[in-house]
Amino acid sequence: YSSDLFDRETVESIVERFVRMLEAVAADPQVRIGSVELLSEQERDRLLVEWNDTARDVAEATVPAVLEAQAARTPDDDALVCGQEVLSYRELHARANRLARVLIGRGVGPERIVALALPRGVEQIVALLAVLKAGAAYLPVDPAYPAERIAYMLGDASPALLLTTTATLPDLPRDLDVPTLELDA
């Protein structure tokens, strides 16, 4: 082996893995190479337990509840920054609440889906939070998707409402049978 590229320990571990693969294939010629366990028990434990010890206690709370609590603790701190636009936690919470009330007024709630065909930015995050505050699920729709794909997604999901903007609406399929709300109209 090239000692300027590898140290002895690394090369030995590569050889051990290669031998494990050869032994597994020799023992069962029908075995798929991708299913052969190449790591030793120690290596596997190091990867899955030692290096991946990321468990943390997390309070059981919804995203809207976490946002509300954060807005109460630090109302004037920056919550969302997109380019030159900055929203504090108070502003983000208030805007999401206003939109959530509009959504609820349009029949959005639990067991309902709202499609979001919005460009990335502040309005997309506000809309996502508003949908969650209304108790619904959201369906992200990339306006850059082909029209056929968007039509299929919306037809399959049967959203209660499609949130978009006046600039994005022309990029969406024309024959959608989904109530639409343009957030900037």
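The values are calculated or read from the model by the stated rules, or taken from the named source; none is laboratory data. Predicted model only: the values in this text are computed from it and were never measured. Backbone-built Cβ (ideal geometry, glycine too); neighbour counts: all protein chains shown. The area values use the complete protein model at the heavy-atom level, side chains included, leaving out ligands, DNA and RNA. Shrake-Rupley method; radii C 1.70, N 1.55, O 1.52, S 1.80 Å.
Brief remarks on what is shown
- Considering residues of the stretch 158-168 that are surrounded by 17 or more Cβ atoms within 10 Å (Cβ to Cβ) and among the aliphatic types (A, V, I, L, M) only, the residue farthest from Ala115 (Cα to Cα): Ala160
- Of all residues making up the stretch 117-148, the number that are at pLDDT 95 or above, farther than 16 Å from Asn97 by Cβ and among the hydrophobic types (A, V, I, L, M, F, W, C): 5
- Taking residues in the stretch 168-185 that are without any contact (Cβ under 8 Å) to a residue 40 or more places away in the chain, and partners anywhere that are part of a loop (DSSP other than H, G, I, E, B) and polar (S, T, N, Q), the pairs with Cβ atoms closer than 7 Å and at least 6 places apart or on different chains are Glu182/Thr165; Glu182/Thr166; Ala185/Thr166.
- Verdict on Arg90 being within 19 Å of Leu132 (Cα to Cα), open to solvent by 70 Å² or more (accessible area, probe 1.4 Å) and at pLDDT 90 or above: yes
- Single residue of the stretch 134-153 satisfying the filter (within 19 Å of the chain's Cα centre (by Cα) and farther than 11 Å from Val114 by Cβ) that is least open to solvent (accessible area, probe 1.4 Å): Ile150
- Asp175 being within 26 Å of Val81 (Cβ to Cβ), modelled with pLDDT under 95 and either touching a helix residue (DSSP H, G or I) at 6+ places or on another chain (Cβ under 8 Å) or of a type in the set (A, V, I, L, M, F, W, C) (or both): no
- Candidates Ala55, Ala96, Ala71, filtered to the one that is touching a residue at least 24 places away in the same chain (Cβ under 8 Å), of a type in the set (A, V, I, L, M, F, W, C) and closer than 30 Å to Val131 by Cβ: Ala96
- Unmet criterion (only one of (1) touching a residue at least 24 places away in the same chain (Cβ under 8 Å); (2) more than 28 Å from Pro173 (Cβ to Cβ)) for Ala117: (2)
- Where helices (runs of 4 or more DSSP H) fall wholly inside the stretch 72-185, the ranges with 3 or more residues that are of a type in the set (Gly, Ala, Ser) are 89-105, 147-157.
- Contact map, the stretch 15-33: first residue surrounded by fewer than 10 Cβ atoms within 10 Å (Cβ to Cβ), second residue assigned to a helix (DSSP H, G or I) and not aromatic (Phe, Trp, Tyr), Cβ cut-off under 9 Å, separation 6 or more or different chains; pairs are Ile33/Met21; Ile33/Ala24; Ile33/Val25.
- Residue in the stretch 110-124 that is surrounded by fewer than 12 Cβ atoms within 10 Å (Cβ to Cβ) and closer than 20 Å to Pro179 by Cα present: yes
- Subset of the stretch 55-69 [in contact with a His (Cβ under 8 Å, 6 or more places away or on another chain) and open to solvent by less than 50 Å² (accessible area, probe 1.4 Å)]: Leu67
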